[in-house]
Amino acid sequence: METVTVTETLDADIDSLRDAITDVGPFMRAAEFDDVAVDGDTVWITNHVGLATIELELEVVEDSDAVLVYEQRDGIFEEMVTRYTLRETTEGVEVEATTEFAVRARLVGPVLDATVVSRQRRRELRAQFDYLASLPE
């Protein structure tokens, strides 16, 4: 399994951040995916990464330790899960996003490998953090 973690401390209200993250449609669109559709606890995303097109069906799942957790139900990964947590600190609210994934062996190669996926995932998570930082207080 590969792991990508991005952490940032924001000067924001924890409840406002929680509300923004759990408003899944806009929050997923903030990652700058090419297409996002949401129906209840199911999210479909499409994204172009290099020469590859990634299409995923995700399911939002319950987790008492995280604000938002989603897992791949169908897509290119053997498995993939992303967790977002919030923690109040003296400097503000620490937002942490961790994605764990395993790329299917048949996809590893010159077009798409774990390094490319990790780099792309960091960009997506940073875009979501920029979105959270831009929210009005």
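Out of curiosity, is GLN120 of a type outside the set (Ser, Thr, Tyr), farther than 27 Å from SER134 by Cα and crowded, with 17+ Cβ neighbours inside 10 Å?
no
If only one of ARG87, ARG18, ARG83 is outside any helix (DSSP H, G or I), more than 18 Å from ARG123 (Cα to Cα), modelled with pLDDT of 95 or more and not aliphatic (A, V, I, L, M), which one is it?
On inspection, the qualifying residue turns out to be ARG87.
Only one residue in GLU100, GLU8, GLU2 is modelled with pLDDT of 95 or more, of a type in the set (D, E, K, R), surrounded by fewer than 18 Cβ atoms within 10 Å (Cβ to Cβ) and in contact with a helix residue (DSSP H, G or I) (Cβ under 7 Å, 6 or more places away or on another chain). Which one?
GLU8
With the checklist (1) on the phi > 0 side of the Ramachandran plot; (2) without any contact (Cβ under 8 Å) to a residue 12 or more places away in the chain in hand, flag the one item GLY92 doesn't pass.
Among (1) on the phi > 0 side of the Ramachandran plot; (2) without any contact (Cβ under 8 Å) to a residue 12 or more places away in the chain, the lone unmet condition for GLY92 is (2).
Output the number of residues of the range 57-79 satisfying the condition of being hydrophobic (A, V, I, L, M, F, W, C) and at pLDDT below 95.
Total satisfying the criteria: 2.
Restricting attention to the range 43-56, and to residues there that are surrounded by fewer than 14 Cβ atoms within 10 Å (Cβ to Cβ) and closer than 22 Å to TYR131 by Cβ, which single residue is modelled with the highest pLDDT?
Residue satisfying both the conditions and the ranking: THR46.
The values are calculated or read from the model by the stated rules, or taken from the named source; none is laboratory data. Computed from a prediction, not measured in an experiment: that's the story for all the values here. Every residue, glycine as well, gets a Cβ built from its backbone with ideal geometry; the counts of neighbours run over all protein chains shown.
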